[in-house]
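The values are calculated or read from the model by the stated rules, or taken from the named source; none is laboratory data. Given the structure is predicted, the values throughout are model-derived calculations rather than measurements. Here Cβ is always computed from backbone atoms with ideal geometry, including for glycine, and neighbour counts include all displayed protein chains. Calculation scope for accessible area: heavy atoms of the full protein, side chains included, ligands and nucleic acids excluded. Shrake-Rupley method; radii C 1.70, N 1.55, O 1.52, S 1.80 Å.
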Amino acid sequence: MSVWLRSAGLWTSVLFVALLWFLLELQGVGAGEAARELWNGAFGSPRAWLATLRAFSPLCLCALSVTLAFRAGLWNIGAEGQLVLGALAGIATGLATNRVWLALLGGAIAGTLWAFIPAILKTYRGVPEVLCTIMMNFLALELLRALLAGSLQESSGQFLQSDPLPAAARLPEWSLTRSGGIHAGVLLTVVLAPLLFVLLWRTRVGLLIRGIAKSPATLRAQGFPVARLQVLTLSGAGALAGLAGAVEVTGVSHGLDTSIAQGAGYAAIAVALAARLHPLAVVPTALLFAGLASGTDSLQWIAEAPGLDRFALVVQGLVVLFVLAYLSWSGRRQRHG
Amino acid sequence: MDEFTLQILRLSLPLMLAALSETVAERSGTVNLGLEGMMLSGAWTACFIAAGESPGMLIVAWAAASAVGLILGLLLALWTAWWRSDQIVSGWALHFLCLGGTGLLFERFKSSETVTTFSELSGAWSWVPYGATVLFAGLIFLWMFRTRSGLRLQAAGHSPQGLRATGASPAWARTMGLMVAGALAGIAGATLTTVLTGQFVEGMSAGRGFLALSLVLLARWHPAGALVAGLFLGTAFGLELHLSTADQLGDPSPLRELLLRSAPYLATILALAVAGPKRLRAPAALGQPLPSTE
Amino acid sequence: MARFLTSTALGSILAAMARGTNAWCGLLLLVFGSAGCGGNPSEGEDSFRVALLLAGPENDEGWNQSAFEGLRRIREELSAETRKITARTRAEIELAMERAAAEGFDLVIGHGVEFNAPACKIADAYPDCSFVTTGGPESRSNVCSLVLRLEEAAYQLGVLAGQLSESGIVSAISGMEFEPVRRVVAGFRHGLLSVAPEAKVLEEYLGSWEDSSLAKETAVAHAERGADVFFQNADAAGVGVFEACRSRSHYAFGCNRDQSPKAPDVILASAVADIPESLLFLASEVKNGTFAGGIRSFGIAEGKVRVGWNEALAGDLSSTVRDKTDAIADQIRRGDIDPATP
């Protein structure tokens, strides 16, 4: 058995290569071309970078949100819902005040609120935050639908979307292609990561927060307000995810419709864990995940086969599994010398 | 039995099985984020086998779906129990794999035939899925709480070091747990195409797998609790459907519609909030990779 | 810092690489690199290239499938090189459209109202590329908004339902609440009320285009309330409605395409929007150089919208019922009836 395990890296590599090649042949695509497109579609051109960075922004912010919560021993599965609430508040505030920073603030506050409720329920009624945050995600989607058909609906009353944001309520952009640019939200994200690191490792509050994850009983015994800290942390996590939603509406879509919720909040959990919950590592990890998504999406362009978009999902799954296996194997090799 | 009750049972069935599957997985210490993907795979497999065939093939379809789920569970076990990769990331990757894989398979093997579902069979046959579910729950209970291998399974989720100290292998226990969980997840998906409807649609599980992840908490990681939790949520959905239809006949209001659609989720939160801060005993080692053997 | 790096996944990869223990990485590169030596033949500069952007799966038996049909016809009848791209979010849509325009596609089709605003934005930057969106209020000189007045056929089906329903209660189950979807349901409702003013429509928006079991349970719930005729506009999820009808021997209507082959024992008629034909028509305009932007509205009068009968079941209908339904088409064509008004 151990022989198998030790050579696991070898045969998983072979298996993966074989599987990918086989699937590519089925789709009528050459393997080398696919590999090139995978890279080009992620990082190979200004447009690719645009795609990757646009996917990176909400993913990274939500991953930071999940990281913060995890560091206090809490599972924030609700980043998706908090993002939606942040988008709702962002669009409402942006349309009402025509100021982008107010829209962002509104989004953060809405996200805080949406995380505050599960936090309170957890600390004072014992409702597991995993359950509560998942339910809040579904609730957020219902709220989105209702508001887009109701008070947030655009003025002609025909489409299930909001009015477009006026120029002063949009994030500034730096042009990358003829008609698109990366928005300031990306910068904001990258700045927030080291700030989070500083909070968690260089402040007293951060020390306490991290202590909760390790031994809440000890802290409680020493008289620290563990429950209050947890509520604070989860709410703060909600603020980050809510900010992600507000960034999306002010920076990318300049409006709101039902396509705002694409699973970034859930993917962020994987990103946070892959980055071992280090805020600084979250940034490159989120970038890689975003690159993987845009690279695999790009595969659709190389051939006429209609199944390439499903194939993109398969490749995403396989690549992550392969990297995980590789890491495990290399770690094992390291130990065996 | 009136239609409303039947509808509630139908809506509850995949949720009950999915919750049961996740109960087994989490009891052994693994969070199975690939549950939704396993359900989809089971749904496609069952439809592929049983479409256009006689009702006898339904059993074969279920067996095939559970086999596919079992293999996927094995895959996840390999990554998480043996190679100690992160459970969430691995499960997430598996989810994508299944989502894309079922899409590709569906596109490749298109058939215009439909499955003769259990619901369409006459008499006692239409009750087979429900009887089977209760049977599975009973068997799982007996296995987990009355057999040595079941207790080992729980130990793997509670204290893997302790298990290893007794000479047993936590990795094998978790593998066993994931295999059973995978098989159940496959069957949960199979009910979508053999009980609820007779055709496969891409993405038809529509988030049920993720709902089940939260249902396990409601179920307190107990097989019977899984059935109750699934039934609870199924009832909530059925009621919502029933009430919103009645609403339509009267004077529909968007606020009422929002409240009705949110009701199942609010009800689940309330159910636990009302129960109070009783200590919810999750398996102690849930989500944690097994300790190194070196 | 070094310890920090190695404690993360990324760090491990870098560290392993530095240690040079990956012949496997090299193996992969070798494999993929050598496979890349045979490239694809480069596309000819003068081939006619068309890209179709969809927001959903192309095998959904309804909305998206009809556009995919159109793409196939364009590929075959106009000898075009085609691509089908899935784009769901605003960001994806914009990027896909821009990529198509930048890579020299002659025609970019965005199937759905959500493609309209992005198309106009991109079209301003790429004046040599032609764009078509199925729906949407905006247009440009190189963007055509193709509006198919499916509500006209839905109106006819409403008239049919009004004549057929014995209970006076009719079900209309749709996927998601978009304006074009609501317009179609409104057309159905108006047609129903024009022949049966006391009738009631149970409208439901599932919130999903693929949750077929939810569609089925909703249809069952409606049936329990007395609905005996079922209209659906739910693409892939719609099969659930057909299944519910089958077990209760109720009539159902197809939408977007002639869906009779999907459930020939249940679907009496479908509201058909001839999207494939319309797209082919516009694509040939692009190829011939006669393409003009603006809003183009096609309906019964232009021959692009109709009621598709399932002859196997329609034969059981009394001639008055069928004739009355068909006569509505003429009235709509003449402008005597407007499906948008009650």
* Asked: List the pairs whose first member sits in segment A:49-78 and is within 14 Å of chain C (Cβ to nearest Cβ), whose second member is part of a loop (DSSP other than H, G, I, E, B), and whose Cβ atoms are under 8 Å apart, counting only residues at least 6 apart or on separate chains?
  -> A:W49/A:L176; A:L50/A:L176; A:L50/A:T177; A:L50/A:G180; A:A63/A:A275; A:T67/A:A275; A:T67/A:L277; A:T67/A:H278
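Of the residues B:T30, B:T23, which is open to solvent by less than 10 Å² (accessible area, probe 1.4 Å), assigned to a helix (DSSP H, G or I) and within 18 Å of B:L215 (Cβ to Cβ)?
Residue meeting the stated conditions: B:T23.
Taking segment A:276-324 as the search range and keeping residues that are in a loop (DSSP other than H, G, I, E, B) and more than 10 Å from chain B (Cβ to nearest Cβ), which one is most open to solvent (accessible area, probe 1.4 Å)? Even if it seems obvious, please write down each step before you answer.
Just the residues of segment A:276-324 that are in a loop (DSSP other than H, G, I, E, B), to begin with: A:276-278, A:302-307.
Subsequent filtering for residues that are more than 10 Å from chain B (Cβ to nearest Cβ) retains A:277-278, A:302-304.
Values: A:L277: 31, A:H278: 35, A:I302: 18, A:A303: 15, A:E304: 65 Å².
Among them, the one singled out is A:E304.
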* Asked: Listed residues B:A226, B:A246; which is at pLDDT 90 or above, aliphatic (A, V, I, L, M) and part of a helix (DSSP H, G or I)?
  -> B:A226
* Yes/no for B:T245 being in contact with a strand residue (DSSP E or B) (Cβ under 7 Å, 6 or more places away or on another chain), open to solvent by less than 60 Å² (accessible area, probe 1.4 Å) and either at the interface with another protein chain (Cβ under 9 Å from one of its Cβ atoms) or among the β-branched types (V, I, T) (or both) -> yes
* When residues of segment A:94-133 are limited to those that are free of Cβ contacts under 8 Å to residues at least 60 places away in the same chain and open to solvent by less than 40 Å² (accessible area, probe 1.4 Å), the one farthest from A:G242 (Cα to Cα) -> A:G126
* Unmet requirement for C:D128, which otherwise passes all of (1) open to solvent by 40 Å² or more (accessible area, probe 1.4 Å); (2) at pLDDT 90 or above; (3) more than 30 Å from A:G181 (Cα to Cα); (4) of a type in the set (D, E) -> (3)
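Each row is one residue, and each column tells you yes or no for (1) in contact with a Ser or Thr (Cβ under 9 Å, 6 or more places away or on another chain); (2) part of a helix (DSSP H, G or I); (3) buried (at least 24 other Cβ atoms within 10 Å of the Cβ).
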| residue | (1), (2), (3) |
| --- | --- |
| C:L157 | yes, yes, yes |
| C:L160 | yes, yes, yes |
| C:I173 | yes, no, yes |
| C:M176 | yes, no, no |
| C:R183 | no, yes, no |
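Of these, C:I267, C:I295, C:I275, C:I332, which one is farther than 21 Å from C:N64 by Cβ and open to solvent by less than 20 Å² (accessible area, probe 1.4 Å)? Write out each step before concluding.
Working: C:I267 fails: farther than 21 Å from C:N64 by Cβ; C:I295 fails: open to solvent by less than 20 Å² (accessible area, probe 1.4 Å); C:I275 fails: farther than 21 Å from C:N64 by Cβ.
Exactly one of C:I267, C:I295, C:I275, C:I332 is farther than 21 Å from C:N64 by Cβ and open to solvent by less than 20 Å² (accessible area, probe 1.4 Å), namely C:I332.
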* Taking C:A221 as meeting all but one of (1) out of contact with any His (no Cβ under 7 Å at 6 or more places or on another chain); (2) part of a helix (DSSP H, G or I), write down the number of the exception. => (1)
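State yes or no: is B:W125 at the interface with chain A (Cβ under 7 Å from one of its Cβ atoms), in contact with a helix residue (DSSP H, G or I) (Cβ under 9 Å, 6 or more places away or on another chain) and surrounded by fewer than 21 Cβ atoms within 10 Å (Cβ to Cβ)? Reasoning before the result, please.
Numbers: at the interface with chain A (Cβ under 7 Å from one of its Cβ atoms): no; in contact with a helix residue (DSSP H, G or I) (Cβ under 9 Å, 6 or more places away or on another chain): yes; surrounded by fewer than 21 Cβ atoms within 10 Å (Cβ to Cβ): yes.
Spelling it out, it is not the case that B:W125 is at the interface with chain A (Cβ under 7 Å from one of its Cβ atoms), in contact with a helix residue (DSSP H, G or I) (Cβ under 9 Å, 6 or more places away or on another chain) and surrounded by fewer than 21 Cβ atoms within 10 Å (Cβ to Cβ).
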* **Breaking point among (1) more than 10 Å from chain C (Cβ to nearest Cβ); (2) surrounded by fewer than 24 Cβ atoms within 10 Å (Cβ to Cβ), for B:E257** => (1)
* What number goes with the only condition from (1) over 12 Å from the mean Cα position of the chain (by Cα); (2) facing another protein chain (nearest Cβ under 9 Å); (3) in a helix (DSSP H, G or I) that A:A270 does not pass? -> (1)
* Residue satisfying condition, being more than 19 Å from the chain's Cα centre (by Cα) and within 13 Å of another protein chain (Cβ to nearest Cβ), within set C:V181, C:V170 -> C:V170
* Structure fact -> Selection from segment C:203-230 of residues open to solvent by 20 Å² or more (accessible area, probe 1.4 Å), closer than 25 Å to C:L164 by Cα and within 7 Å of chain B (Cβ to nearest Cβ) yields C:E203, C:E224, C:R225
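Kindly check whether there is at least one residue in segment A:36-46 that is free of Cβ contacts under 8 Å to residues at least 40 places away in the same chain, at the interface with another protein chain (Cβ under 10 Å from one of its Cβ atoms), out of contact with any Leu (no Cβ under 6 Å at 6 or more places or on another chain) and part of a helix (DSSP H, G or I). Break it down into steps so the answer makes sense when it comes.
Initially, segment A:36-46 is screened for residues free of Cβ contacts under 8 Å to residues at least 40 places away in the same chain, giving A:36, A:44-45.
This time we only want the ones that are at the interface with another protein chain (Cβ under 10 Å from one of its Cβ atoms), so: A:36, A:45.
Those still in the list that are out of contact with any Leu (no Cβ under 6 Å at 6 or more places or on another chain) too: A:36, A:45.
Of the ones still in play, those that are also part of a helix (DSSP H, G or I) are A:36.
Scanning segment A:36-46, I find at least one residue that is free of Cβ contacts under 8 Å to residues at least 40 places away in the same chain, at the interface with another protein chain (Cβ under 10 Å from one of its Cβ atoms), out of contact with any Leu (no Cβ under 6 Å at 6 or more places or on another chain) and part of a helix (DSSP H, G or I), so the answer is yes.
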* within 14 Å of chain B (Cβ to nearest Cβ) and among the basic types (K, R), is that true of A:R99? -> no
* Asked: Residues of segment A:156-194 being open to solvent by 40 Å² or more (accessible area, probe 1.4 Å) and in a loop (DSSP other than H, G, I, E, B), which ones?
  -> A:S156, A:Q158, A:D163, A:P164, A:P166, A:R170, A:P172, A:L176, A:R178
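Being open to solvent by less than 10 Å² (accessible area, probe 1.4 Å), at the interface with chain A (Cβ under 8 Å from one of its Cβ atoms) and of a type in the set (D, E) is true for just one of C:E114, C:E98. Which residue is that? Let's see the steps before the verdict.
On the way: C:E114 fails: open to solvent by less than 10 Å² (accessible area, probe 1.4 Å).
The match here is C:E98.
When you check C:G175 against the structure, is it within 14 Å of chain A (Cβ to nearest Cβ) and closer than 25 Å to C:P339 by Cβ, yes or no? So that I can check it myself, show each step before the final result.
Working: within 14 Å of chain A (Cβ to nearest Cβ): yes; closer than 25 Å to C:P339 by Cβ: yes.
It is true that C:G175 is within 14 Å of chain A (Cβ to nearest Cβ) and closer than 25 Å to C:P339 by Cβ.
Would you kindly identify the helices (runs of 4 or more DSSP H) lying entirely within segment C:11-121 that contain at least 1 residues that are at pLDDT 85 or above and under 27 Å from B:F106 (Cα atoms)? Reasoning before the result, please.
Numbers: elements: C:23-35, C:63-77, C:90-102.
Passing ranges, in order: C:63-77, C:90-102.
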* Have a look at C:G315, C:G293 and point out the one that is within 19 Å of C:S139 (Cβ to Cβ) and of a type outside the set (K, R). => C:G293
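If I go through segment B:63-103 residue by residue, how many of them are basic (K, R) and either part of a helix (DSSP H, G or I) or open to solvent by less than 10 Å² (accessible area, probe 1.4 Å) (or both)?
Just the residues of segment B:63-103 that are basic (K, R), to begin with: B:84.
Checking the rest, the ones that are also either part of a helix (DSSP H, G or I) or open to solvent by less than 10 Å² (accessible area, probe 1.4 Å) (or both) come to none.
So the answer is 0.
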